Amino acid sequence: MTIRAATPADAPLIAILVRELAEYERLAHEAVATAADFEKALFGPQPKAHALIVEHEGQTAGFAIYFYNFSTFLGRPGIYVEDVYIRPDFRRHGFGKAVFTYLAKQAIQENCGRMEWWVLDWNEPAVKFYAGLGARPMNEWTVQRLTGDALRKFAES
């Protein structure tokens with residue numbers, strides 16, 4: 001298994017993997033990003049996020065997308081893991097754990113104060129997996145989001 005930084009040539013692959021993830025998460029209707037969107041966001045003049053590609057014996061096993069956030073309480077950056085997706089045929093072979101280990105080592109090397117991510121509450125296998133990593137749920141927080149028309153209307157107010 002190898003974990004490597006994605007390149008601009010991977011943008012179409014990332015788009016495919018994101019669609020696979022969206023189908024698994026029952027959110028395919030929300031997955032509208034294109035390869036061009038990923039190429040611009042991940043590899044443009046001001047990248048907004050970073051991507052990793054997981055490979056095994058010449059096959060794509062999965063991917064991860066992450067970006068840096070900042071903790072005002074810690075006064076240090078953190079890594080926010082937007083998505084980790086391992087294709088079904090590669091699950092339960094340590095690929096997911098390897099991705100999180102890779103990112104945790106990166107966080108330590110870059111003096112990040114934390115690493116965090118969201119998980120759908122119905123995704124029991126993922127919840128158990130994350131607990132096994134030592135992650136703890138932040139149940140006292142709720143996610144707030146402005147998107148689409150609501151975001152545009154608020155920005156114009």
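Taken about its Cα centre, segment 2-156 carries a charge dipole of about 400 debye when Lys and Arg each add +1 at the Cβ and Asp and Glu each add -1 at the Cβ. Express the Stokes-Einstein translational diffusion coefficient of the chain in µm² s⁻¹, to the nearest whole number, given a Kirkwood radius over alpha-carbon pairs, 20 °C and a viscosity of 1.002 mPa s. The diffusion coefficient I find is 126 µm²/s. Only helical runs count toward this figure. For the chain, summing -39,500 (n - 2.57) over DSSP H runs of n ≥ 4 and dividing by all residues gives -11000 deg cm²/dmol at 222 nm.
Working from Cα pairs under 8 Å separated by at least six residues, relative contact order for segment 2-156 is 16 percent. Applying 0.36 nm per residue to the separation of Thr142 and Lys97 and subtracting their alpha-carbon distance, the gain on full extension is 13.6 nm.
Here segment 87-104 is scanned for amide nitrogen atoms under 16 Å from the site 7 Å beyond the Cα of Glu25 along Cα-to-Cβ, giving 87-88. Taking other C-beta atoms within 10 angstrom as a stand-in for reagent exposure, Arg114, Arg145, Arg92 fall in the order Arg145, Arg92, Arg114, fewest first. Based on the alpha-carbon gyration tensor of segment 38-87 and its eigenvalue square roots a ≥ b ≥ c, which shape applies: rounded if a/c is under 1.5, prolate if not and a/b is larger than b/c, or oblate? Cα axes put segment 38-87 in the oblate bin. Relative to one another, the C-alpha centroids of segment 86-134 and segment 50-68 are positioned 13 Å apart.
Note on the chain: antiparallel DSSP beta bridges, both residues inside, total approximately 90 percent of the bridges counted.
Taking the number of Cβ atoms within 10 Å of each Cβ as an exposure proxy, the fewest-first ranking of His29, His56, His93 is His29, His93, His56.
Cβ crowding within 10 Å, taken as a proxy for footprinting-reagent exposure, orders Thr34, Thr142 from fewest neighbours to most as Thr142, Thr34.
Read-outs throughout are calculated quantities, based only on the coordinates presented, and are distinct from any laboratory measurement. What you see is a predicted model; the values in this text were computed from it and never measured. All Cβ positions, even for glycine, are placed from backbone atoms using ideal geometry, and neighbour counts span all protein chains on display.
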